[in-house]
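Structure first, then comments.
The values are calculated or read from the model by the stated rules, or taken from the named source; none is laboratory data. The structure presented is a predicted model; accordingly, all values stated were derived computationally and were not measured. Positions of Cβ are backbone-derived with ideal geometry, glycine not excepted, and every protein chain shown enters the neighbour counts. Each accessible area value is taken on the protein alone, full model and side chains, heavy atoms only, with ligands, DNA and RNA left out. Shrake-Rupley method; radii C 1.70, N 1.55, O 1.52, S 1.80 Å.
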Amino acid sequence: MSEADEPLAVWCAGKDWCPITSTATLIGKKWHPVVVHRLLQGGPMGFNELKDDVDGISSKVLSDSLDDLEEKGLVNRDIVSEKPVRVQYSLTERGASLESLIEEMRDWGAEHLTGADQKEDAIS
């Protein structure tokens, strides 16, 4: 069994809600679900392509998000060429398995959240 196939170590006190809080911890940062969604939609991407596809994210935040997602075994970072250095990001099998969850989040948001053009009602 490879490291990517091993269950992630978590600690929770409540067996019935532990999987929920653990999953939320993995993808609960603001940009993580968006990065996963873009990689699900677009397949492997270079850093700049991904940054262009995630509207509003800074280079530092994207870099930190990719590092965190890689550390959690959700994203692969592959060096495509060395001169100049070109890196490509893709989802691991574990990351790709989030597809239904990410789609449900998108669908729920589309049904229950106010559009961004209605700022007085938007979540901040």
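In the stretch 31-50, what count of residues is obtained for those that are open to solvent by less than 30 Å² (accessible area, probe 1.4 Å) and under 13 Å from Arg86 (Cβ atoms)? So the answer is 3. Restricted to the stretch 51-60, and to residues there that are open to solvent by 50 Å² or more (accessible area, probe 1.4 Å) and not acidic (Asp, Glu), the residue that is farthest from Val85 (Cα to Cα) is Gly56. For the stretch 3-95, the helices (runs of 4 or more DSSP H) that sit wholly inside it and include 2 or more residues that are in contact (Cβ under 8 Å) with a residue 40 or more places away in the chain are 18-27, 32-42. Has the stretch 68-86 got at least one residue that is on the phi < 0 side of the Ramachandran plot, surrounded by 12 or more Cβ atoms within 10 Å (Cβ to Cβ) and more than 13 Å from the chain's Cα centre (by Cα)? The answer is yes, given that some residue of the stretch 68-86 is on the phi < 0 side of the Ramachandran plot, surrounded by 12 or more Cβ atoms within 10 Å (Cβ to Cβ) and more than 13 Å from the chain's Cα centre (by Cα).
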